[in-house]
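Coordinate-derived values only; no laboratory data. Keep in mind it's a predicted model, so treat the numbers as computed, not measured. Please note: Cβ atoms are built from the backbone with ideal geometry, for glycine as well, and neighbour counts cover all protein chains shown.
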Amino acid sequence: MTSPLGPAEIVVDLAAVRANARLLRETAGVPLIAVVKADAYGHGMVECARAAREGGAEWLATATVEEALRLREAGDEGPLLCWITAPGAPHAAAADAGIQVSAYDVAELDAMAVAFVDRAEPADIQLKVDTGLSRGGAPRSMWDEFFVRARAGELEGRWRVRGIWSHLACADEPDHPANDAQEAAFRDALDLAATHGLRPDLRHLANSAATILRPSARFDAVRCGIALYGLDPAPGEATDIGLVPAMTVRAPLAMVKMLAAGDGVSYGHRWVADRATTVGLVPVGYAEGIPRAASRPGAGDAAAHVMVAGKQRPLRGTVSMDQVMVDLGGDEPSTGSEVVLFGRPADGVPTAQDWAEACGTINYEIVTRIGGRMSRRYVDGHVAGGTA
Ligand SMILES: *Cc1c(COP(=O)(O)O)cnc(C)c1O
């Protein structure tokens, strides 16, 4: 059967990304570093990067050098930062492409010194310090040595340290004491760097949550990812600045069938109809990033819902690789009807945040993992109802 909708797809509204960038830039009052790593959290890196720039983001950031190089291949020429490197990372290629790589430790600075040996001009780099996340970045015990090496590289003409930055562990919990502690530690790191003669013009600490909730953490720039895509970086906190979700996920209803009370649905019969009802088949599964947790046994109303024929309806039965079932409660929408898995709240459809709560995860994971065999389509401006 051919569906008037075509196959399942991810619709990304670039106007929303642009508007969100503009809002974040205005809220922050300092340059915006738009974080487009991991294919822009599943929204499409190159397209979202362009929209973010159009919305006023002065900088882009990726995790890996490879992602940053791909942005350059796609024609981006603006300030660009990245921070995940492993031994053997293409530092020279990054520097040649004008990408500012963040060094984590002395060993990486030593590797950069070797990589930059043939350069005519010093490379622009940044330094990452660990202020309490205990993930990437130089820990406090190494700061002294790290800054000494960084300054020596400047004096040797290998690089210029353009930025120093760190990352918060608990920005989505504004009252968590780690926020004050990390911000104080970051100021200590900046002071120490200054005593070693480092004069970076870009000091940055805030992610999306801190950009909105913690003005003192904005420094010279803010790094926003999730909020750029219109999702709430700190659910339950006062983060509403008018962001709009950019992603809508839709699929055609592939089949509708009647069930009698007692009929079991999908693998393991983990859901058994307790009454006569109708169920619909949605042709996407965990291969598309639909978490199996979206329809746990006994989830009841807490299961993820999808919008079909004007109503939000629960997923039922085990999510399989290629498909999932939805309880239509006796309704019989025609096959090919639109199923909106999630989108923007103004459309009355479930949101990525609703899905995150149903699945016991965060909205970041829902949007970043969505994909598989679904195609992605870009629109510029949204038509209400999720049918853009
Ligand atoms: C992913 C990431 C960000 C963006 O975080 P959001 O919470 O999505 O705004 C900022 N900084 C670093 C270092 C990151 O890894």
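Other residues within the sphere of radius under 11 Å centred on the Cβ of residue 183, judged by their own Cβ, net out at +1 (K and R +1, D and E -1). Other residues with beta-carbon under 12 Å from the beta-carbon of residue 347 carry, at +1 per Lys or Arg and -1 per Asp or Glu, a net charge of 0. In loop segments of the range 231-320 as defined by DSSP, the trypsin sites (Lys or Arg not before Pro) with at most 13 further C-beta atoms inside 10 Å of their C-beta are 275. Straight-distance candidates among the lysines for linking to residue 128, with alpha-carbon spacing under 23 Å and chain neighbours fewer than 8 residues away dropped: 37.
Mean residue ellipticity at 222 nm, helices only, the chain: -8000 deg cm²/dmol; runs of at least 4 DSSP H residues each add -39,500 (n - 2.57), and the sum is divided by the number of residues.
A simple count of charges around residue 77, restricted to other residues whose Cβ falls under 15 Å of its Cβ and scoring Lys, Arg +1 and Asp, Glu -1, yields -2. Between the Cα long axis of helix 177-195 and the first principal axis of the chain there is an angle of about 30°, rounded to the nearest 10.
A crude spin-label estimate for the pair residue 169 and residue 152, with each label 7 Å from Cα along the Cβ direction, gives 3.1 nm. Exposure proxy shown here: for 176, 196, the number of other Cβ atoms within 10 Å sets the order, fewest to most, as 176, 196. Result for the chain in a Gaussian network model with C-alpha springs under 10 Å: among 241, 370, 33, the largest mean-square fluctuation is at 241. The GNM of the chain, with springs linking C-alpha atoms under 10 angstrom apart, assigns the highest mean-square fluctuation among 75, 285, 317 to 75.
By the count of other C-beta atoms within 10 Å, a proxy for reagent exposure, 359, 48, 224 are ordered fewest to most as 359, 48, 224. Over every Cα atom in the chain, the radius of gyration and the widest Cα-Cα span, Dmax, amount to 23.7, 79 Å. Bridging of residue 257 to lysines at a Cα separation below 26 Å is possible for 311, once same-chain residues fewer than 8 apart are set aside.
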